């Protein structure tokens with residue numbers, strides 16, 4: 001054992017998986033970070049094999065996907081795993097973010113962990129959009145047309161930027177090739193950032209759900225958390241396998257099983273479900289340029305939480321007002337996702353605008369105000385800026 005700890009590789013493994021101390025109160029919500037890493041690994045492996053058979057050409061892309069599904073050995077399994085893996089990836093990351101907001105994982109000394117995580121989320125959204133276009137189905141083509149056209153809202157350079165992204169004057173072969181190249185590259189960038197994210201986390205340690213920094217009750221990662229994680233991973237793969245084998249198309253759109261047709265516009269263009277809240281925000285803003293701004297600002301708002309929210313008591317377990325507001329925020333995000341799947345008409349537009357207002361008000365006004373009063377009246381006697 002002494003030899004292992006003196007060896008560089010084994011010392012790293014020992015520090016991460018064996019002797020690393022974690023708070024004894026960590027629940028199963030902390031497993032969603034592990035799930036997200038597993039999903040990333042699944043996406044990288046399945047994507048690598050799919051890339052061996054995919055053809056990034058507008059005349060062959062859709063047929064190459066059919067070839068993968070019908071002719072490649074276990075190709076159907078690779079594609080369904082990759083497609084549903086993206087959905088499970090976003091489910092894991094979204095819950096991971098909500099858990100971080102609830103338990104104050106963005107506070108000192110874990111601000112850097114939060115910032116890197118926000119960058120990962122931003123790159124995930126971009127990578128997933130690029131991958132959604134690759135099958136070159138009807139919904140893929142028109143989603144690419146609509147989303148890339150948003151760049152035209154940028155003053156002065158918008159139109160030129162759209163032409164540059166397209167590689168021409170419409171969505172076509174050059175666009176698909178560029179999206180394919182970026183979709184292959186960005187996951188490896190995400191992987192590097194994920195390792196950095198984990199490094200920063202292990203440097204400062206996981207936050208205590210009780211909102212305290214006392215380390216007297218901390219336990220080593222092995223065997224306590226290794227066993228707990230293995231049990232949670234088993235449940236995760238059971239749920240993942242259930243979707244792949246029984247409901248592989250439940251999270252997709254049926255129009256994407258129709259070849260792209262530039263001459264026929266779908267009656268209702270919608271992105272994948274994990275984009276729907278952002279799509280609802282876009283449609284809630286009457287001006288296209290402002291809509292693009294607020295989509296980006298929606299992610300930035302998550303990233304600036306360490307600046308806007310500075311609670312003296314880290315966990316919402318002991319802050320009932322913040323806890324009540326937080327669950328309203330979660331419900332608001334669910335409503336935005338539902339609105340994004342509906343047609344742009346009354347009353348969905350008005351509901352979406354109300355939910356969009358509350359989304360940004362939560363980060364920039366409501367939560368900071370509530371936290372201010374909680375700091376003043378709920379944490380008397382604590383030095384200013386002291387977090388427990």
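Listed values, structure above:
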read-out	value
Within segment 252-292, backbone nitrogen closer than 11 Å to the virtual label 7 Å beyond the Cα of residue 343 toward Cβ	267-268
Contact order relative to length of the chain, as percent, for alpha carbon pairs under 8 angstrom and 6 or more apart	22
Rg to Rh quotient for segment 113-237, alpha carbon positions, Kirkwood Rh	1.16
Percent RCO, i.e. relative contact order, over segment 276-378, from Cα pairs under 8 Å lying at least 6 residues apart	43
Principal-axis tilt of helix 367-378 within the chain, Cα atoms, nearest 10 degrees	10
Separation of the residue 60 and residue 242 label points, Cα + 7 Å toward Cβ, nm	4.1
Neighbour-count order for 123, 200, fewest beta carbons within 10 angstrom listed first	123, 200
Relative compactness, segment 165-262, computed as alpha-carbon Rg over 2.2 N^0.38 Å	1.74
MRE, 222 nm, helices only [DSSP H, n ≥ 4, -39500 (n - 2.57), over the chain, to nearest 500]	-20500 deg cm²/dmol
Cα gyration tensor shape of segment 1-92, rounded if a/c is under 1.5, else prolate or oblate by comparing a/b with b/c	prolate
Among 309, 159, 138, residue whose mean-square fluctuation peaks in a GNM of the chain (springs only between Cα atoms under 10 Å)	159
Folded to 0 to 90 degrees: helix 320-340 orientation relative to the chain principal axis, Cα	10
Rel. contact order, % - alpha carbon contacts under 8 angstrom, at least six apart, segment 33-84	37
Cβ-derived FRET efficiency at R0 41 Å, residue 53 paired with residue 297, nearest 0.05	0.55
Most mobile of 294, 324, 88 in a GNM of the chain (Cα contacts under 10 Å)	324
Rounded tilt (10° steps) of 173-204 against the dominant C-alpha axis of the chain	10
Sequence ranges 97-104, 186-193, ranked by mean other-Cβ count within 10 angstrom, highest first	97-104, 186-193
Separation in nanometres of the label points that stand 7 Å from Cα toward Cβ, at residue 290 and residue 263	3.9
Alpha-carbon centroid distance for the pair segment 238-257 / segment 130-172, whole angstrom	27
Packing rank of 128-136, 237-245, 368-376, where each peptide gets the mean count of other beta carbons within 10 Å, highest leading	128-136, 368-376, 237-245
Segment 215-348 shape via C-alpha gyration tensor axes, a/c threshold 1.5	oblate
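Read-outs throughout are calculated quantities, based only on the coordinates presented, and are distinct from any laboratory measurement. All figures in this text were calculated on a predicted structure; none of them were measured in a lab. Backbone-built Cβ (ideal geometry, glycine too); neighbour counts: all protein chains shown.
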